[in-house]
Amino acid sequence: MEFVITLGALKDATGHEAVTRYLEEQVLPGSDWNLVKVRRKHVRLEPPHAYWASYVVRLGRGELVYPEPDAEPVLDEPPSPPAGEAPANVEAAVAEAEAELPQPSWTEERELRLVARGVFEPEHWKSYRERVAGALGSLGSDPLSGPARPVLFDDTQHAIWFFPADPNLTNLHRAADPEEMRRLFRNHRAEILDHPARITAVKVELARYLPEIAAILRYDIETVPDSAARTIFGKVQPFNRGAESHRVMTEIWKAAQRSEGRLVVPKPLGYHPELGLYLQSSVPGKPISSDRTKPEFLPGVTHAAEALATLHESAIPTQKKLPLDREVSRLARTLDQFALVEPRAYFLLRELIAHLKDKLKGLPEEDWLPTHGDYKYDQLLHEDGNYSLIDFDFFALAENSFDLGKFCAYLVPSMPKSWEQSVAAEEGRKAFLNRYRELRPQASLQRFPIYETVNLAGRAMTLMWTQMRGWEQAAEALLVIGMERLKSRLP
């Protein structure tokens, strides 16, 4: 008789101790590498189907170098929160890291990214197992020497693999190969380089990785002469999605060139279907952080309003649509998941959905416009007072308030460290909406409260999936704020 694997069993099978044991017993023996540290980076829960956990694995070899007796403590990076979320319990994580005494290091160290995915249902495991086993069967078995095929564990219904192998991004390991990319870039020098030069080497660095969904790679291209060297980025996605990304970004780039600086985006550099790889230029800066009190936050919010107004006026064609009923239906489907893991949030969400449906009755549709589709403050990069907008994977037609509501929903801190964060978020919300309405006074926004509420509830759903510490209270707070927003007028 087959039994469903419980969440607790999957957490044990993919937890820190199990991963450490797997590395020490099955990966490292026979090599000269030593395990230095295993740090969990992300988890993702999708009940009742699957559970993911990813880890950063630090290895070392050579000779141990001991720190000086008076060396400062090593501050390790705390785990990353979900995109757009305020970090959870950062103070505790930092305090723990600061308390760690300086450790000896090896003369040579490297990092690996390990992913473990578990499946709950036995029937789902059978089909998933078959797909994973056939996806990368031509790869080797040693992740220390190159891309390796996933390892399957039938008793606990989970798989383990190491980046750049990925069972759903089957060409990711090729896109992460410096030699293969050097050959590709040489064959497309006219599109890749701004000035004539010879490409001598390519360094590849992982910028972002969502297992089985997408990976963003940074390519540092070395040239002769040096003045032509540049950095570009590539995104690997399944199902030929990069082709549409390239088409859309070409149109957005043209709109940005006409916008007099209100919209600044990366330049598209081509799509390579054999790798599922879309390429684009780099833009200067770093993402706006979750600290709403930083000096760049409020000007960034104002720029976000200008960029969105430009997109809404661009008339860029696309077949993809983001209807409101799909968003509400997605929340309704999440109800059963909340019932399994957090009953209080389940009742709050059930009531919120009922009010959403009631408020929708009789409300006319808004204008349908081209829009970003995933508009949040951390999609903006800033440097020296200049701002750029990135990540157009969800670009589509949607009602006027779709991205306005999403952006405002993500301004609310999920776990504010102080009252100043909440006040700054509210100031940012007012500034964003005021600037947008100043640029587009004719905009139809009658459904804005609904879109903002839907996205606040969506953030609660994301917190459940990520299982970060304290997610239950944060999810409930977002649902309560969503109910308040639903009954409020625009500021």
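Side notes on the structure shown:
- Filtering the stretch 190-202 to residues that are open to solvent by 60 Å² or more (accessible area, probe 1.4 Å) and either touching a residue at least 60 places away in the same chain (Cβ under 8 Å) or touching a Phe, Trp or Tyr at 6+ places or on another chain (Cβ under 7 Å) (or both) leaves only Glu191.
- The number of residues in the stretch 382-423 that are over 25 Å from Ile213 (Cα atoms), charged (D, E, K, R) and not in a helix (DSSP H, G or I) comes to 4.
- Ala304 meets the conditions (1) modelled with pLDDT of 95 or more; (2) surrounded by fewer than 21 Cβ atoms within 10 Å (Cβ to Cβ); (3) in contact with a strand residue (DSSP E or B) (Cβ under 7 Å, 6 or more places away or on another chain) in every case but one. The failed one is (2).
- Taken over the stretch 140-167, residues that are open to solvent by 40 Å² or more (accessible area, probe 1.4 Å), assigned to a loop (DSSP other than H, G, I, E, B) and within 22 Å of Pro122 (Cβ to Cβ) amount to 3.
- Flag if Glu351 is more than 30 Å from Lys235 (Cβ to Cβ), part of a loop (DSSP other than H, G, I, E, B) and either aliphatic (A, V, I, L, M) or more than 19 Å from the chain's Cα centre (by Cα) (or both): no
- Among the criteria (1) in contact (Cβ under 8 Å) with a residue 60 or more places away in the chain; (2) surrounded by fewer than 18 Cβ atoms within 10 Å (Cβ to Cβ), the one Trp419 does not fulfil is (1).
- Residue selected from the stretch 22-64 under the condition assigned to a loop (DSSP other than H, G, I, E, B) and modelled with pLDDT of 95 or more, by the criterion farthest from the chain's Cα centre (by Cα): Gly30
- Filtered residue count, the stretch 354-365, keeping only those that are free of Cβ contacts under 8 Å to residues at least 40 places away in the same chain, assigned to a helix (DSSP H, G or I) and either small (Gly, Ala, Ser) or open to solvent by less than 80 Å² (accessible area, probe 1.4 Å) (or both): 1
- Residue list for the stretch 433-488, filter: in a loop (DSSP other than H, G, I, E, B) and within 24 Å of Arg326 (Cα to Cα): Ala443, Ser444, Leu445, Gln446, Arg447, Lys487, Ser488
- Residues that are open to solvent by less than 30 Å² (accessible area, probe 1.4 Å) and out of contact with any helix residue (DSSP H, G or I) (no Cβ under 6 Å at 6 or more places or on another chain) within the stretch 204-216 comprise Tyr209, Pro211, Glu212, Ala214, listed in sequence order.
- Total residues in the stretch 168-180, condition part of a helix (DSSP H, G or I) and free of Cβ contacts under 8 Å to residues at least 40 places away in the same chain: 4
- Any hit, the stretch 366-379, residues being of a type in the set (Asp, Glu), under 22 Å from Arg208 (Cα atoms), under 26 Å from the mean Cα position of the chain (by Cα) and open to solvent by 10 Å² or more (accessible area, probe 1.4 Å): yes
- Residue under evaluation Asn187, criteria (1) at pLDDT below 95; (2) open to solvent by 40 Å² or more (accessible area, probe 1.4 Å), criterion not met: (1)
- Here Leu279 does not qualify as aliphatic (A, V, I, L, M) and either out of contact with any His (no Cβ under 9 Å at 6 or more places or on another chain) or more than 15 Å from Ile390 (Cα to Cα) (or both).
- When Lys406 is tested against (1) within 30 Å of Gln237 (Cα to Cα); (2) open to solvent by less than 20 Å² (accessible area, probe 1.4 Å), only condition (2) is not met.
- Any hit, the stretch 313-336, residues being part of a helix (DSSP H, G or I), out of contact with any Gly (no Cβ under 9 Å at 6 or more places or on another chain), in contact (Cβ under 8 Å) with a residue 60 or more places away in the chain and open to solvent by less than 40 Å² (accessible area, probe 1.4 Å): yes
Condition check ((1) polar (S, T, N, Q); (2) surrounded by 20 or more Cβ atoms within 10 Å (Cβ to Cβ); (3) farther than 30 Å from Ser414 by Cα) across all residues:
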site	(1), (2), (3)
Lys235	no, yes, no
Glu251	no, no, yes
Val265	no, yes, no
Tyr271	no, yes, yes
Val283	no, no, no
Lys286	no, no, no
Thr293	yes, no, no
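- Of the criteria (1) open to solvent by less than 40 Å² (accessible area, probe 1.4 Å); (2) closer than 20 Å to Pro317 by Cα; (3) among the aliphatic types (A, V, I, L, M); (4) touching a Leu at 6+ places or on another chain (Cβ under 8 Å), which one Leu279 fails: (2)
The values are calculated or read from the model by the stated rules, or taken from the named source; none is laboratory data. None of these values were measured; they are calculated from a predicted model. Using ideal geometry, Cβ is built from the backbone for each residue, glycine included, and neighbour counts are taken over all protein chains shown. All accessible areas refer to the heavy atoms of the entire protein, side chains included, with ligands and DNA or RNA removed. Shrake-Rupley method; radii C 1.70, N 1.55, O 1.52, S 1.80 Å.
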